[in-house]
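**Student:** Let me give you the structure first, and then I'll get to my questions.
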Amino acid sequence: MASSRADGRSTTLYGRHRKGAGKPRKARPERPVEPSMAALMTAFAALWLAGMLAAVWLMPMSAPAPWAREAASAVCAAAAVLSTVPAWTYLARYGRERRRGL
């Protein structure tokens, strides 16, 4: 939209800005999501692990492979633990940078 002012400042459609209620609003404090994200991911991994272990142990298996449940449980536990490592690493780095003011 082209400006109708000589100095090039843009205007609204009606030519004036709406006036506020008188008092300026207080700015809300900024709350970063990083500190809670690692805990949220850990809770999600714990729920996933509980569901997978229940599925593995309640699933019917053949008699010749009694070690399959233990192996599947170990793989699920390792996946649940390792899935949260990036979030906790990021949180540690975020805290270090925040303390240093970078």
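**Student:** How large, in percent, is the carbon and sulfur part of the accessible surface of the stretch 52-97 at a probe radius of 1.4 Å?
**Tutor:** It is 77 percent, rounded to a whole number.
**Student:** Hey, what did the stretch 25-85 get for relative contact order, percent, Cα under 8 Å, at least 6 apart?
**Tutor:** Relative contact order comes out at 47 percent.
**Student:** Could you work out how much longer the chain between A71 and L53 gets when fully extended? Use 0.36 nm per residue separation minus the Cα distance between them, nm to one decimal.
**Tutor:** Stretched fully, the A71-L53 segment lengthens by 5.4 nm.
**Student:** Separate question: Once you list every other residue whose beta carbon is under 14 Å from the beta carbon of P35, what net charge do they have if Lys and Arg are +1 and Asp and Glu are -1?
**Tutor:** +2
**Student:** Next question. Please list 3J(HN,Hα) in residue order for the stretch 39-50, calculated via the Karplus relation 6.51 cos²θ - 1.76 cosθ + 1.60 where θ = phi - 60°; whole Hz, with x for glycine and proline.
**Tutor:** 5, 5, 5, 5, 5, 5, 5, 5, 5, 4, 5, 4
The values are calculated or read from the model by the stated rules, or taken from the named source; none is laboratory data. What you are looking at is a predicted structure, and each value in this text was computed from that prediction instead of being measured. Please note: Cβ atoms are built from the backbone with ideal geometry, for glycine as well, and neighbour counts cover all protein chains shown. Please note that ligands, DNA and RNA were not included when accessible areas were found on the heavy atoms of the full protein model with its side chains. Shrake-Rupley method; radii C 1.70, N 1.55, O 1.52, S 1.80 Å.
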